[in-house]
Every structure is written in C-alpha cells, then in structure tokens.
Amino acid sequence: MSEHDVSFGSSPPGSGATVGPPQTKRSRAWLGLLGKTSITLLFVGLAPLVAFGVFTLSAQRTSLRVEAQKSMQSNAESIASLVDEWFDKNARVLRAAANQPQIIGMQRDEQSKVLLAIKRAYPWMYLVFTIGVDGKNVARSDEQPLIDYSERQYFRDIVSGGKELAWEAVLGKTSGKPSLLISIPIRGANGQLVGVLAAGMTIEETSRSVANWKSGNTGFAFLVDEKSKVLAHPRPDFVLAQRRLADHPMVALFHGDHRPHLTSFLENGKETLGYVQGDKYGWAVVVQQEEAELFGPLLATITVGIGLLVAAALLVVAASVLFSRALVRPIVDMTIAADRMSLGELQTPIVARGKDEISVLAKSLERVRKSMRAAMARLTKGEGD
C-alpha cells in the first residue's frame with residue numbers, strides 16, 4: 001500500500017460493512033443533551049408559574065391577615081364599648097343618687113327610701129347601700145343586717161385613696177354569678193367626704209354578650225378585669241372560679257403596656273391569632289381564633305394551587321421531553337452518521353428534512369459523505385490499476 005493509503009477501521013474501505021460506534025459515548029451524549037434541553041425547557045415553563053403562585057398566595061395571606069385583624073379589632077372594640085357603656089350607666093345612676101339631699105344627710109330612714117327606689121328602677125342592682133366614713137353600714141336596699149365594710153377595697157379606695165370611682169369584681173355569694181361592686185363618694189355641701197354610696201350588680205347580661213360571641217368553630221372572646229380576673233368566658237368554670245389569666249399571652253401583653261395588640265401564640269399546641277383591646281377602666285377584651293380555621297380559605301387555595309401546579313408541571317415535562325426529542329434526535333442521528341463515516345461506512349445516505357439550521361448541517365454532512373465516498377472509490381480504483 002502506498003503512502004496515500006487511508007485506513008478507516010478494520011473493514012475494507014467502501015465495503016459497506018456496518019461498524020457501530022461506541023455505545024457508551026453515544027448514550028452519554030444523547031442523554032446529556034436531551035436531559036439538559038428538557039431541564040431548561042422545564043425551568044422556563046415552570047419558573048413563571050411557581051413565581052406567580054408564590055406571589056399570589058403571599059398576597060392572599062397578607063390580605064386574609066389584614067381582614068382578620070380588622071374583624072378582630074372591630075369585635076373587640078364593640079365588646080369593650082358595650083362594657084364601658086354598661087359601666088358608665090351604673091356609675092351615672094350612683095352619682096345622681098349621691099347628690100340627693102336624702103343621701104347626703106346620711107340618715108338611715110331617708111337613705112333607705114332612695115336606695116330601694118334605685119333597686120326597683122335597676123333590677124340588676126341586687127344591693128344598693130351606704131357606708132359611713134368609719135366603714136360601718138348606714139343603710140341598705142334589702143332587709144339584711146348592717147355590717148362593717150371597712151376592709152373592703154372599694155371602700156378603702158374612696159376613703160383612703162381619694163378616688164372618685166372605685167370598683168371590685170366578685171362572685172355573687174347568693175347568685176353564684178359574676179358581679180361588680182361600684183362605689184362613689186358622698187360629699188356634703190362643703191365638699192367634705194361624709195360617706196360612700198355603693199351598689200352590687202350582676203354583669204350576667206354583659207358577660208353573656210361576651211361569652212356568646214363566636215367566630216367559626218374555634219373563635220371566642222373573654223373579658224378580664226384590671227387584675228386579670230375572669231369576668232366573662234365561654235367556659236363557665238373559669239367564671240365561677242374567677243380564674244386569673246395573667247399568664248395568657250394576650251392578657252400579659254395588654255397589662256405590659258395597656259395598649260391593643262395583635263399577635264400569634266400557641267394554645268394547646270395550635271397556632272392561634274389573638275387581639276386584645278382594653279377599655280377605659282383597665283379591663284381587657286380578648287378575641288382569638290385558631291389560625292388553621294382562620295386561614296382555611298388560604299389553605300384551600302394552596303391545595304388547589306398545588307394541584308394545578310402539579311398538572312402544569314406534568315404538561316410542561318411532557319411538552320419539554322417531546323420538544324427536546326424533536327430537537328435532539330436529528331443531532332443524534334448526524335452524530336451516529338459521523339461515527340459511521342469515521343469508521344469507513346459511507347453507503348447510508350444522510351437524509352435532511354426541512355429548511356432549518358439542522359437540515360443545512362445534515363445536507364453539508366451528506367455532501368461530505370458523498371465526497372469521501374467518491375474519494376475512496378478513486379483511491380480503490382487507483383490501487384487496482
């Protein structure tokens with residue numbers, strides 16, 4: 001063989017024998033290109049969907065939280081306003097009575113008539129009574145014996161503390177219901193303190209309005225006084241025991257700075273959103289609801305969104321794989337043809353379909369195949385001569 005001899009493998013040149021190229025390299029190249037193309041198309045297709053879904057759900061969560069805050073704030077303010085109105089109404093009644101000459105005179109018979117009239121006009125006042133500056137009971141609206149009130153806080157706040165209005169939340173011994181003792185000073189013509197006018201009243205109607213407030217299955221409200229003592233609660237045992245809820249997160253926040261708060265906290269292992277609103281007497285109204293229920297619409301939207309995202313992902317995967325195959329297959333075919341040509345197999349034509357860049361490359365490769373085949377034919381003929 002002359003120095004111009006060319007060897008393309010173990011098969012005779014132009015013999016048409018098929019010698020497969022190394023399968024490992026071809027498979028790696030085909031899978032690598034197809035995988036990269038599929039991943040790229042998948043990312044391009046899903047990234048906008050995921051970004052839109054995250055933005056939409058985030059915006060909806062913010063909107064739901066704002067709406068929940070507005071609703072809780074509105075309900076808490078409404079309940080606090082109701083409590084204040086009830087408290088103020090009773091305080092006004094006592095102030096008006098304290099200015100009556102019969103009360104200022106501190107005479108039992110005269111006072112008893114006024115006290116009895118107040119009790120009849122305001123039936124929730126189960127006891128209206130007066131106390132001298134020495135703490136001794138002067139007159140009562142009932143027929144019970146006179147007693148000493150000198151150790152009662154609502155009396156001492158007026159006489160020793162100089163307050164114009166004092167109160168104490170208690171549990172009625174007779175009714176077994178939450179009650180409130182309100183006291184105001186009785187002053188003589190010269191403004192000198194001559195006694196104390198007080199009334200014991202049930203807050204059953206007001207506490208029922210608080211305890212009966214509901215939102216969904218887990219939303220409720222409760223009321224505590226300035227000492228964190230329960231005045232109204234959906235659980236009657238809390239009310240009967242006058243349980244102190246100083247360690248409740250919302251109550252603790254309020255008593256820390258006496259300002260409204262909206263915050264999330266754990267209760268019985270469940271995330272809960274709460275709002276606390278105080279009234280002008282230092283009492284606190286708490287409204288709370290489990291976040292799982294509060295954000296139920298958001299969770300439903302997330303479930304639907306995830307389902308749609310999965311469906312979209314499957315469609316994008318299918319489309320990307322099909323498109324990738326359509327894009328990569330001609331390149332793989334030309335790679336196989338080039339491998340065959342390099343090993344001397346020049347009989348199989350390289351078919352070019354379409355008019356895109358890949359088709360142009362296939363036509364160029366076909367011209368190379370024909371040129372190589374013609375060159376090999378001339379070379380073979382020269383050797384034969």
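Nothing in this text is a laboratory measurement; each read-out follows from the coordinates by a stated rule. Since the structure is predicted, the reported quantities are computational estimates derived from the model, not experimental observations. Glycine gets a Cβ as well: all are built from the backbone with ideal geometry, and neighbour counts include every protein chain shown.
Among 61, 353, which comes first, then next, by fewest other beta-carbon atoms within 10 Å?
Numbers: 61 14, 353 9.
Sorted ascending by nearby Cβ count, the order is 353, 61.
On full extension of the chain, what length is gained from residue 205 through residue 309, given 0.36 nm per residue of separation minus the C-alpha to C-alpha distance? Walk me through the numbers on the way to the answer.
Values: separation 104, 0.36 × 104 = 37.44 nm, distance 5.20 nm.
Roughly 32.2 nm would be gained on extension.
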Farthest positive-ward along the chain dipole, Cα basis, beta-carbon charges - from 44, 246, 178 = 44
key: Exposure proxy ranking, count of Cβ atoms within 10 Å, fewest first, for 301, 130   = 301, 130
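For the chain, what's the relative contact order in percent, using C-alpha pairs closer than 8 Å and at least 6 residues apart? Before the final figure, lay out each step's value.
Details: 547 pairs, mean separation 74.9, N = 385.
Normalised by residue count, the contact order of the chain is 19 percent.
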message = If you split all Cα-Cα distances of the stretch 109-231 into 10 Å bins from zero, what percentages do you get per bin, shortest first?
response = 12, 38, 32, 12, 5, 1
message = Using all alpha carbons of the stretch 206-295, what is the percent of pairwise distances in each 10 Å bin, ordered from the shortest bin to the longest?
response = 18, 53, 28, 1
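Taking neighbour Cβ counts within 10 Å as the exposure measure, how do 133, 159 sort from fewest upward?
Working: 133 17, 159 20.
So the ranking, lowest neighbour count to highest, is 133, 159.
Is the stretch 249-379 best put as rounded, prolate or oblate by its Cα gyration tensor, with a ≥ b ≥ c the root eigenvalues, rounded for a/c under 1.5, and otherwise prolate when a/b is larger than b/c, oblate when not?
Working: a/c = 6.81, a/b = 5.75, b/c = 1.18.
Prolate, because a/c is 1.5 or more and a/b exceeds b/c.
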task = In whole angstrom, note down how far apart the Cα centers of the stretch 152-211 and the stretch 214-234 are.
result = 22
query = Between residue 227 and residue 164, what FRET efficiency follows from the Cβ-Cβ distance if R0 is 25 Å, with the result rounded to 0.05?
reply = 0.80
ask   = On full extension of the chain, what length is gained from residue 177 through residue 357, given 0.36 nm per residue of separation minus the C-alpha to C-alpha distance?
value = 55.8 nm
key: Mean residue ellipticity (222 nm) of the chain, computed from DSSP H runs ≥ 4 via -39,500 (n - 2.57), nearest 500   = -18000 deg cm²/dmol
task = Apply the membrane-span-like helix rule to the chain: whole DSSP H runs, Cα extent along the own long axis of at least 18 Å, mean Kyte-Doolittle hydropathy at least -1.0. List the helices found.
result = 23-98, 108-121, 296-342, 357-384
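Determine the relative contact order of the stretch 96-211: mean sequence separation of Cα pairs under 8 Å and six or more apart, normalised by residue count, in whole percent.
Numbers: 221 pairs, mean separation 29.3, N = 116.
Once normalised by length, the contact order is 25 percent.
Given a cut-off of 27 Å, name the pairs among 70/270; 70/280; 89/113; 89/163; 113/280 whose C-alpha atoms lie farther apart than that in the structure shown.
Details: 70/270 22 Å; 70/280 21 Å; 89/113 21 Å; 89/163 18 Å; 113/280 33 Å.
Cα-Cα > 27 Å for 113/280; rest within.
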message = Multiplying the sequence separation of residue 242 and residue 193 by 0.36 nm and subtracting their Cα-Cα distance, what value in nm do you get?
response = 14.4 nm
remark   = In whole Å, largest first, the alpha carbons of the chain cover along the principal axes 153, 35, 32
